[in-house]
Amino acid sequence: MEIFTEHVNGIMIHKITIGHIHESGCTGCLAALMDNYQGIFTILDKYADLVYGLTLVDVRKIPKMDVALIEGSVCIQDKLATDEVREVRDKSSVVIAIGGCACSGNITRFDRGGQQNQPQHESFVPVSDLIDVDIFVPACAPTPEALRNVCVMTYLLLRGNDEQKALAGMYLKPLMDLARSPYGSKASFNTLMQEVINLGLCMGCGSCAAACPVRAITMEYGKPQGLRDLCVNCGACFSQCPRSFFDHELMEHHEQIMGMLKAVMQ
Amino acid sequence: MAAPLGQYKMVLFARTTDKEILRGAQNGGIVTALLSYALDTGIIDGAVVAAPSRSKPWRGKFDPWRSEPIVAMTRDQLLSARKTGYNISPNVMMIKEATRSYGLDRVGIVGVPCQIQGVRKAQLYPIGMRGVPDKIALVIGIYCMEVFPYQSIVQIVEDHGGVKMESVEKIEIGKGNFTVVTERGRTIQIPLNETRDLEQPGCHVCLDYAATLADISTGSAGSPAGWSTVFIRTKIGDEVWKRAMQAGLFETKPIGQVEPGLGAVEKLAVEKITRNKKTLEDRDFIGTKGLRNPYITT
Amino acid sequence: MANKITVGHVHMSGCTGCLVSLADNYLGLIKILDDYADLVYGLTLADVRHIPEMDVALVEGSVCIQDHESVEDIKTARKKAKIVVAVGGCAASGNINRFDRGGQHNQPQHESYVPISDLIDVDVFIPGCAPTPQMIRNVCVMAYLLLRGSDDQKALAAKYLKPLMALAKNPIASKANFNTLMQEVINVGLCMGCGSCAGACPVRAISMEFGKPQGARDLCINCGACYSQCPRSFFHFEVMDEYEAITDIINGAMK
Amino acid sequence: MNVLGKYKSVVSARSTDKEILKASQDGGIVTSLFAYALEQGIIDGAVLAGPSSRPWQPQPFVATTRAELLKARGTKYNICPQISMLKEATRSYGLDKVGIVGVPCQIQATRKAQLYPIGMRDVPDKIALVVGIYCMEVFPYKGMQLIVEDHAGQKLQSVKKMEIGKGKFTVITERGNVTQLPLKVTHKYEQPGCHVCLDYVANTADVSTGSVGSPDGWSTVFVRSRIGEDVWGKAMAAGCFETKPIDQVKPGLEMVTKLATEKITKNQKTVDERAHFGVGKALRNPYI
């Protein structure tokens, strides 16, 4: 079967239901999702119905939904937050943690409490410490393209034909493995050192330096050197590194996949 | 878990005979008296105590109610550290420093039960505490139901109590109330269930009320106003207490005679430990995956 | 004190600071070597070329995976020793070797250093850079009691070493640094601001802000002392309740 | 896993631009391809490996004019972190159509940046031309310095050109002194990250080129993707290159296949060995 077709054949019958759940985050991930501009309208027209979203949808209780995009980390001292996260896991079939806070705790790792009217809210954990998360989209803020790709691929995974399901499965597999790996939810520049450089996998390509949102990584003698006081623990460097995950079979067909993604967004 | 009040050789009510200490003391002035006696007799050559913070201004000024650990080596440093601010003072951070730049060989330390656990762990597993195990000479524990982050204290006093931090003379937690006494003598009582939420979360997993691992532990629970209930727990504690008694430092009353007695202490300890045990169990169901229990290593 | 146990000091990529720290027990070390342990292998200390059979191997330093000999050495150490103790931050959690990128003269391609628990099963961890003399002394005495002591001495030693053995099996401990302290203690609501981490930090990277540890992460050298010294990383009541008895035994053994 | 990857055509080629050929490594393919694409507006800038403060240490830079392109000629054989400039090119340089040249692992990184742009905002749609170069291994700067200064006995500043080929590491100085070292000597200084690389001829590039398989002064060029075919076709039409069919050229495609197979089998063995590196413990395999 030729799973890497450029053109998307057949009309899409019915859309998936998608919800955006806002935990302790800065809404930067939602803004990044919206930075797809017309792309969002294409997704909402053709592929997904938004059934839950802060201020976007007038729904009080979390409904049943196919895909839940969770943004932000969870304060374990805030009962509402932990109940909400547990409810999201019950109510949705695919849970996607978007952004550094939901995947690896990001800057909320540095929370110590002491903020007005809830000074004892001091412990924030990434979502995957509390519930089983299916897909990670790390980085602070996640890029619009990454979110678009994951949304489209999840749609294909749930509603596509067999070839599209296989392609989507293959594309999403590394992000799913990241969600279950021991280092996925603790990613920071240290992970890049511990899991790539110290294991003799680094070849000095510079992807981490480019991916770092706070420009904490410079390349010294061809190897990444991180300013750890700048590092915000978002995990972009580790996930962007071609030696953290890399599926040769998928990457060889990069052209067709890019073409298909463009076609899908027309 | 051993008995809620832990092992002890002796327990009694006591109050210091040193009027100057008694005047500013929280209860019986036991800690300050013991430490200043130990300093004079050379049992310790310095003590880590919680004193009003001098190094870190907040909102532009040094709030005396914000405590910070210091290494006290003179009597008046000890006197400056008498009041309990009920907010976090990370005393254990100074025990290695005391043996380093302060050059002490016999270090005394005062701490709440979790800090005493920290000290004992530093003695048994001195992973980062070089030279500390043999230099801890006297460990005094104080009873503790919970501790508040400093901002919580500010919020309780100023928002719930409606009083400026600067005007506070004394803070006391007891008999179900968070009592704030101002300089002009006004007392405001805030029910504890109102401040329950603002407690430090780390305290909700603590299974020790009366500092069971200290040499000597003391607190107001169970004793009449102005007195303290004192547990003598270890050999060192016993020796130091005997010498202090011979020097006429304390007047004491046997435990049986005075209400409300040891039963009150036990009740508080059992209440705290059962409540915190329940929190520990709840942590297993906070999500579908449990949060780590520090007392069981995977 | 029945017959002595055999101890070896295996030196991988480290600065010999751990060996110096062991020696900083001064007369304590002499006492251990007189009554409890024979040093059967040690760089410059014992004239032995190949690693012999031994009861306890104190391994210092991390392993460069590009250096074939050191990988073989660590494998032989595992085969030849009953108990392998990872002494110091390098062996336990990679310490400053985590920052190695190679480029050093005559072997510039030696650039990847892993703690020994990434390559072999380690029995006991002694984190910290440098590990304190008292910590190594305690582990040596307890190892002796475990192997040669009476039944209740064996039980006590096993109880004392249990958390350090759990550390050795805990994948988090082999990657410990200030981030771990945040992720494993503060973020899961266990920190009570006692200050043990600030006290334990060898480079004074941790200050207590508002009663909570604040780490200068650029100073942090990944030694893991803060995480393991924290009473909320491991804390066994059945050991800590008998702290007086245990300290008496150790001091007694050192007399 | 065919070792040469998918390609639409392969040919032996040389640039017709004399100025480029003066200091190019082999056929001057990369520089003249980018020069042509720049002129035609196919790209408005390219991430290349240019000079830096230290002799023979490359530094990635964004070239937007022909003059800057010429500065980046000649292979440096040590690490140049190209991708670190990839996002920057779309940011402070404001490019919309970015060209990039890189060794196979850097091409893999570029494709990953396009497919999984986790930290690469706006990059996927702005990559216009990806040119790969053949690569057997790369040396860290200090390793290369050691080879040149200790083994070859030359001052790094005095070196005019370096070449690896026919089992030799050749160092040519400004005054024309040629020193040749057997490749065996340099193996230990190779960057460890290269020993797990399973791609010799940049299988996922638009166009990939290298000296192997073509006579001296010529390069073997693979045209792989639709974009590659389009740009190469236009460049050929504009007379930028003179070409010879690959089967009429010595040593031809078999040499490329031989070297590719040799590299990939050697590295695949290393990847497998890492699976049981310790005693019952494995080193992480990045490809699973």
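Could you look through segment B:117-160, keep only residues that are closer than 22 Å to C:P163 by Cβ, small (G, A, S) and part of a helix (DSSP H, G or I), and pick out the one that is nearest to the other protein chains (Cβ to nearest Cβ)?
B:G118
State all residues of segment C:103-122 that are in contact (Cβ under 8 Å) with a residue 40 or more places away in the chain, in a loop (DSSP other than H, G, I, E, B) and buried (at least 20 other Cβ atoms within 10 Å of the Cβ); if no residue qualifies, say none.
Within segment C:103-122, C:Q109, C:H110, C:E111, C:S112, C:P115, C:L119, C:I120, C:V122 qualify.
Rundown of residues vs (1) without any contact (Cβ under 8 Å) to a residue 24 or more places away in the chain; (2) among the aromatic types (F, W, Y); (3) more than 30 Å from A:S128 (Cα to Cα); (4) more than 14 Å from every other protein chain (Cβ to nearest Cβ), yes/no style:
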{"position": "B:S217", "(1), (2), (3), (4)": "no, no, yes, yes"}
{"position": "B:A221", "(1), (2), (3), (4)": "no, no, yes, yes"}
{"position": "B:I232", "(1), (2), (3), (4)": "no, no, yes, no"}
{"position": "B:Q246", "(1), (2), (3), (4)": "yes, no, yes, yes"}
{"position": "B:E259", "(1), (2), (3), (4)": "no, no, yes, yes"}
{"position": "B:K278", "(1), (2), (3), (4)": "yes, no, no, yes"}
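Out of B:A51, B:A14, B:A33, B:A3, I need the residue that is surrounded by 17 or more Cβ atoms within 10 Å (Cβ to Cβ) and either outside the structural domain of B:I95 (by TED's automatic domain parsing) or in a helix (DSSP H, G or I) (or both). Which one?
Numbers: B:A51 fails: either outside the structural domain of B:I95 (by TED's automatic domain parsing) or in a helix (DSSP H, G or I) (or both); B:A14 fails: either outside the structural domain of B:I95 (by TED's automatic domain parsing) or in a helix (DSSP H, G or I) (or both); B:A3 fails: surrounded by 17 or more Cβ atoms within 10 Å (Cβ to Cβ).
From the options B:A51, B:A14, B:A33, B:A3, the qualifying one is B:A33.
Checking C:M135 against (1) assigned to a loop (DSSP other than H, G, I, E, B); (2) within 10 Å of chain B (Cβ to nearest Cβ); (3) aliphatic (A, V, I, L, M); (4) out of contact with any helix residue (DSSP H, G or I) (no Cβ under 8 Å at 6 or more places or on another chain): exactly one of these is not met. Which one?
(1)
Which one of these does A:C237 not meet: (1) in contact (Cβ under 8 Å) with a residue 60 or more places away in the chain; (2) within 8 Å of chain D (Cβ to nearest Cβ); (3) in a helix (DSSP H, G or I)?
Only one criterion in (1) in contact (Cβ under 8 Å) with a residue 60 or more places away in the chain; (2) within 8 Å of chain D (Cβ to nearest Cβ); (3) in a helix (DSSP H, G or I) is unmet by A:C237, namely (1).
Kindly provide the set of residues from segment C:23-82 that are more than 30 Å from A:L201 (Cβ to Cβ), part of a strand (DSSP E or B) and among the β-branched types (V, I, T), ordered by number.
Residues satisfying the conditions are C:V40, C:V56.
Has segment C:71-86 got any residue that is more than 13 Å from chain D (Cβ to nearest Cβ) and crowded, with 23+ Cβ neighbours inside 10 Å?
yes
Considering only segment D:111-143, state which residues are facing another protein chain (nearest Cβ under 9 Å) and touching a residue at least 60 places away in the same chain (Cβ under 8 Å).
D:R111, D:V138, D:F139, D:P140, D:Y141, D:G143
Looking only at residues in segment D:268-288 that are hydrophobic (A, V, I, L, M, F, W, C) and at the interface with chain C (Cβ under 9 Å from one of its Cβ atoms), which one is surrounded by the fewest Cβ atoms within 10 Å (Cβ to Cβ)?
Here the residue is D:V279.
Per-residue answers, yes or no, for (1) in a helix (DSSP H, G or I); (2) out of contact with any Asp or Glu (no Cβ under 8 Å at 6 or more places or on another chain); (3) within 10 Å of chain B (Cβ to nearest Cβ):
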{"residue": "C:L164", "(1), (2), (3)": "yes, yes, yes"}
{"residue": "C:C194", "(1), (2), (3)": "no, yes, yes"}
{"residue": "C:V203", "(1), (2), (3)": "no, yes, no"}
{"residue": "C:S207", "(1), (2), (3)": "no, yes, yes"}
{"residue": "C:R217", "(1), (2), (3)": "no, no, no"}
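Of the residues D:G153, D:G213, D:G176, which single one is under 17 Å from the mean Cα position of the chain (by Cα), at pLDDT 90 or above, more than 14 Å from chain A (Cβ to nearest Cβ) and at positive phi?
Criteria check complete, one pass: D:G213.
Does segment A:191-207 hold any residues that are touching a helix residue (DSSP H, G or I) at 6+ places or on another chain (Cβ under 6 Å), in contact (Cβ under 8 Å) with a residue 40 or more places away in the chain and at the interface with another protein chain (Cβ under 7 Å from one of its Cβ atoms), and which are they?
Listed by number, the residues that qualify are A:L201, A:C202, A:M203.
In segment D:109-136, what residues are modelled with pLDDT of 90 or more, surrounded by 22 or more Cβ atoms within 10 Å (Cβ to Cβ) and in a loop (DSSP other than H, G, I, E, B)?
The answer is D:Y134, D:C135.
List the strands (runs of 3 or more DSSP E) that sit entirely inside segment B:171-224 and contain at least 2 residues that are of a type outside the set (D, E, K, R) and assigned by TED's automatic domain parsing to the domain that holds B:K242.
Here the list reads B:216-219.
Given the criteria more than 15 Å from the chain's Cα centre (by Cα), within 14 Å of chain D (Cβ to nearest Cβ) and touching a residue at least 60 places away in the same chain (Cβ under 8 Å), does C:Y144 qualify?
no
For segment C:166-192, give me each residue that is more than 10 Å from chain B (Cβ to nearest Cβ) and not in a helix (DSSP H, G or I).
C:A176, C:N177
What are the pairs with Cβ atoms under 7 angstrom where one residue, in segment B:74-94, is away from every other protein chain (no Cβ under 14 Å) and on the phi < 0 side of the Ramachandran plot and the other, located anywhere, is surrounded by fewer than 24 Cβ atoms within 10 Å (Cβ to Cβ) and in a loop (DSSP other than H, G, I, E, B)? Sequence gap at least six, or different chains.
B:R82/B:A25; B:R82/B:Q26; B:K83/B:Q26; B:T84/B:Q26
Residues that are farther than 30 Å from A:I217 by Cβ and either touching a helix residue (DSSP H, G or I) at 6+ places or on another chain (Cβ under 9 Å) or touching a residue at least 60 places away in the same chain (Cβ under 8 Å) (or both), at least 2 per element: which strands (runs of 3 or more DSSP E) completely within segment D:1-96 meet that?
The strands (runs of 3 or more DSSP E) meeting that bar are D:9-15.
Can you tell me which residue is farthest from the other protein chains (Cβ to nearest Cβ) among those in segment A:93-112 that are of a type outside the set (A, V, I, L, M, F, W, C) and touching a Lys or Arg at 6+ places or on another chain (Cβ under 8 Å)?
Narrowing segment A:93-112 to residues of a type outside the set (A, V, I, L, M, F, W, C): A:93, A:99-100, A:104-106, A:108-109, A:111-112.
Restricting the remaining residues to those that are touching a Lys or Arg at 6+ places or on another chain (Cβ under 8 Å) gives A:104-105, A:112.
Values: A:S104: 9, A:G105: 6, A:R112: 4 Å.
Result: A:S104.
The values are calculated or read from the model by the stated rules, or taken from the named source; none is laboratory data. Remember, predicted model here, so these are calculated numbers, not experimental data. Note that we place each Cβ from the backbone using ideal geometry, even for glycine, and neighbour counts take in every protein chain shown.
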